[in-house]
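The values are calculated or read from the model by the stated rules, or taken from the named source; none is laboratory data. Just so we're clear, the structure is a prediction, and the values are computed from it rather than from any experiment. We place every Cβ from the backbone using ideal geometry, glycine too, and count neighbours over all the protein chains shown. Surface accessibility is based on the protein's heavy atoms, side chains included, excluding ligands, DNA and RNA. Shrake-Rupley method; radii C 1.70, N 1.55, O 1.52, S 1.80 Å.
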Amino acid sequence: MWCRIIVLVVALCMAAVVAEDPYRYFDWRISYGDVYPLGVRQQGILINGQFPGPDIYSVTNDNLIINVHNDLPDPFLLTWNGLQQRKNSFEDGVYGTTCPIPPGKNFTYIMQVKDQIGSFFYFPSLQFHKAAGGFGGIRILSRPRIPVPFPEPAGDFTILIGDWYKTDHKVLKTILDRGKMLKFPDGIQINGLGRDGARFTVEPGKTYRLRISNVGLQNSLNFRIQGHKMKLIEAEGTHTIQTTLSSLDVHVGQSYSVLVTADQPAQDYYIAVSSRFTTQILNSTAILHYSNSKKPVSGLPPPGPIDVSWSLNQARSIRTNLTASGPRPNPQGSYHYGQINVTRTIRLANHAGLVDRKQRYAVNGVSFIPADTPLKLADYYNINGVFKVGSIPDQPVGRHIHLDTAVMGADYRAFVEIVFENKENIVQSWHLDGYSFFVVGMDQGRWSPASKQQYNLIDAVSRCTTQVYPRSWTAIYVPLDNVGMWNLRTQFWARQYLGQQFYLRVYTPVQSFRDEYPIPKNALHCGRAKGRTIRTL
């Protein structure tokens, strides 16, 4: 009897050890519908009839099964801003990795939020669809036994902010296709609504987590709450040193979490959002509503900061909390990135220009043009002539622009330094799919090897999107530990659409499922990969 019990207990323990991580299933229909973000009717992209789309709730290591039905008359893809797609760039949802979902068809994304926590978002990656919506929040909670460096908040709100055009996205796309520049956006939406439209209800005395993402098209935005302080706690999956702020700059494509305590007299307060570093200032507001409030908002929304130096100093103050656990029990700061030898320095300069009298944008002189086949599929099936590794240099080469399907090669497990150099009078925002990187330095002026003396090699924040201020530079360290084809792009979406992006091919000659998963069994095939048969394991 006792032997049977012991055997049963051992079997259950073994089953627990080898059990898969939990699965979360989502079934989404993508359609057009009427939206009113700036008070006028527009055609927007809805997900299950919602604008913005539904939040994705998950826990570290969860498997996400997201079945996307494309009811649009256009090909469609979603990309997952900040999800690292470990060993699985096939699911990244950009045209360089994934075939578009044809009209009337569906595709099921199969992803794991492996060893991640934090706040992120998703959005459409094709045909300037981002200007029509289709975006939503992603939150990845820590596993129950992993401590977080703050008490459990009373509530958790997703706040999606972004600049917005009243013009239909198809018209905007046509303007870009004709080689013209877009005019300045018309306003700012907050959770898909205009001025005073979004409303967040809080209980007096309680503390709430706000997950703020800039899902806009080009402009940095400042976020603040009338009469309240905010405590910064997280930046794109990294617990930060907890700094008290009156306002927070959120550059396009970035996500943050802050804690806000309802510690003011019971009434309604403005949540103010305004554009930064623009001649014309866009403004919008939402409402922080105390549940026992009998008094509407009063006074003026709080003003935002003005100069670049304020924003630069705030950015430098955002650092990793070295005593906090990340997705695993070991402290995040136990990875001593500052003690690893850099094997390669890549310098990337952005600029604008004309090619055949049409507006284009470039990185190191190369303006990206899509190939007829997703680059990852071409790489997987060894289809020649789709792209050439090394078609973009890793140093600036002047301001002459030419068109190419730009792919830069990189070795698996290399440790590289990337310096973004912005000689233009705009704020840039750069994102790398598949990775978080350490933002080790940023400053005004020109970068030189001597600039390394001011790098933060101890507690730099690890994130996936970083800003570069006007006529300034930003340096990042990237451990290339994720094999695949990864999009490195500006988050200034008109510039991305007109060529300011390329793909980083992180490669190892050893083909092993330990390093990279095989192509998904349900992968769509298009271009020159159409008709290919997936090899069975």
The simple spin-label model distance between residue 199 and residue 295, using points 7 Å out along Cα→Cβ, in nm, is 1.9 nm
Cα centre as origin, Lys/Arg/Asp/Glu Cβ charges: region 335-517 dipole, Debye: 480 debye
Cα-centred dipole magnitude for region 204-321, charges only on beta-carbon of K, R (+1) and D, E (-1), debye, nearest 20: 240 debye
Got a number for the accessible area of residue 435? Probe 1.4 Å, square angstrom, nearest 10. 10 Å²
Over region 43-99, what relative contact order in percent results from Cα pairs under 8 Å that are six or more residues apart? 17 percent
At 0.36 nm per residue, and after removing the present C-alpha to C-alpha distance, how many nm does the segment from residue 174 to residue 511 gain when stretched out fully? 117.1 nm
Can you report the principal axis dimensions of the chain using only the alpha carbons, biggest first, rounded to whole angstrom? 85, 66, 54
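Work through the residues other than residue 473 whose Cβ is under 10 Å from its Cβ and net out their charges, Lys, Arg +1 and Asp, Glu -1.
Once all neighbours under 10 Å are counted, the net charge is +2.
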List, in order, the whole-Hz ³J(HN,Hα) value for each residue of region 395-406 obtained from phi through the Karplus relation with A = 6.51, B = -1.76, C = 1.60 and θ = phi - 60°; use x for Gly and Pro. 9, x, 10, x, 10, 6, 10, 9, 8, 6, 8, 6
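Which of the peptides 406-415, 420-429, 277-286 is most tightly packed, and how do the rest follow, judged by the mean count of other Cβ atoms within 10 Å per residue? Write down the numbers at each step before the final one.
Working: 406-415: 18.1, 420-429: 19.6, 277-286: 16.5.
Highest-to-lowest ranking by the protection proxy: 420-429, 406-415, 277-286.
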A chain fully extended from residue 411 to residue 424 at 0.36 nm per residue, minus the present Cα-Cα distance, gains in nm 1.6 nm
Which FRET efficiency value, to the nearest 0.05, is calculated for residue 279 and residue 36 with the Förster distance at 45 angstrom and r the Cβ-Cβ distance? 0.95
Could you tell me which trypsin sites (Lys or Arg not before Pro) in region 432-505 are loop residues by DSSP with no more than 11 other beta carbons within 10 angstrom of their beta carbon? 446
To the nearest 20 debye, what charge dipole does the chain have about its Cα centre, counting +1 at the Cβ of each Lys and Arg and -1 at the Cβ of each Asp and Glu? 500 debye
Please list 3J(HN,Hα) in residue order for region 498-507, calculated via the Karplus relation 6.51 cos²θ - 1.76 cosθ + 1.60 where θ = phi - 60°; whole Hz, with x for glycine and proline. 9, x, 8, 6, 7, 10, 9, 8, 8, 10
For residue 384 paired with residue 23, estimate the spin-label separation in nm (one decimal), with each label point 7 Å from Cα along the Cα-to-Cβ line. 4.2 nm
log10 I(q)/I(0), Debye, Cα-only region 163-236, no solvent, q = 0.13, 0.14, 0.20 Å⁻¹? -0.57, -0.63, -1.02
Just name one of 502, 254, 291: the one whose Cα is farthest towards the positive end of the charge dipole of the chain (beta-carbon charges, Lys/Arg +1, Asp/Glu -1). 502
Let's test the formula: R0 of 60 Å, r as the Cβ-Cβ distance of residue 358 and residue 323. What FRET efficiency results, to the nearest 0.05? 0.70
Please compute the length gained on full extension between residue 143 and residue 342, using 0.36 nm multiplied by the number of residues separating them and subtracting their Cα-Cα distance. 68.3 nm
Considering all alpha-carbon pairs of region 153-303, what whole percent are spaced by more than 21 angstrom? 46 percent
Here the relative contact order (percent) of the chain, from C-alpha pairs under 8 Å and at least 6 apart, is 14 percent
Under a plain spin-label model, where a point goes 7 Å from the Cα along Cα-to-Cβ, how far apart in nm are residue 152 and residue 471? 5.3 nm
For region 489-537 and region 99-149, what is the separation of their Cα centres, given in Å? 17 Å
Net charge within 10 Å of residue 254 by Cβ-Cβ distance, Lys/Arg positive one each and Asp/Glu negative one each, not counting residue 254 itself? -1
What are the residues whose amide H is under 5 Å from the amide H of residue 186, where those residues sit 5 or more places off or on another chain and H is modelled from the backbone? 164, 165, 166
Restricting to DSSP H runs of at least four residues, report the calculated mean residue ellipticity at 222 nm for the chain, -39500 (n - 2.57) per run over all residues, nearest 500 deg cm²/dmol. -2500 deg cm²/dmol
In Hz, Karplus ³J(HN,Hα) per residue of region 288-300 (6.51, -1.76, 1.60; θ = phi - 60°; x = Gly, Pro): 8, 10, 6, 4, 9, 6, 10, 10, x, 4, 9, x, 9
What are the residues whose amide H is under 5 Å from the amide H of residue 241, where those residues sit 5 or more places off or on another chain and H is modelled from the backbone? 319, 320, 321
Rounded to the nearest 0.05, what FRET efficiency do residue 307 and residue 451 give with R0 = 22 Å and r taken as the Cβ-Cβ distance? Could you check? 0.50
Along the charge dipole of the chain, pointing to its positive end and built from +1/-1 on Cβ of Lys, Arg, Asp and Glu, which listed residue (59, 373, 107) has its Cα farthest out? 373
Mind checking region 230-328 for trypsin sites (Lys or Arg not before Pro) that DSSP puts in a loop (not H, G, I, E or B) and that have at most 15 other Cβ atoms within 10 Å? 294
So what is the relative contact order of region 153-303, in percent, for Cα pairs below 8 Å that sit 6 or more residues apart? 28 percent
How many percent of the alpha carbon pairs in region 335-517 exceed a separation of 22 Å? 45 percent
If you rank 388, 521 by how much accessible surface each has, with a 1.4 Å probe, what is the order from largest down? 521, 388
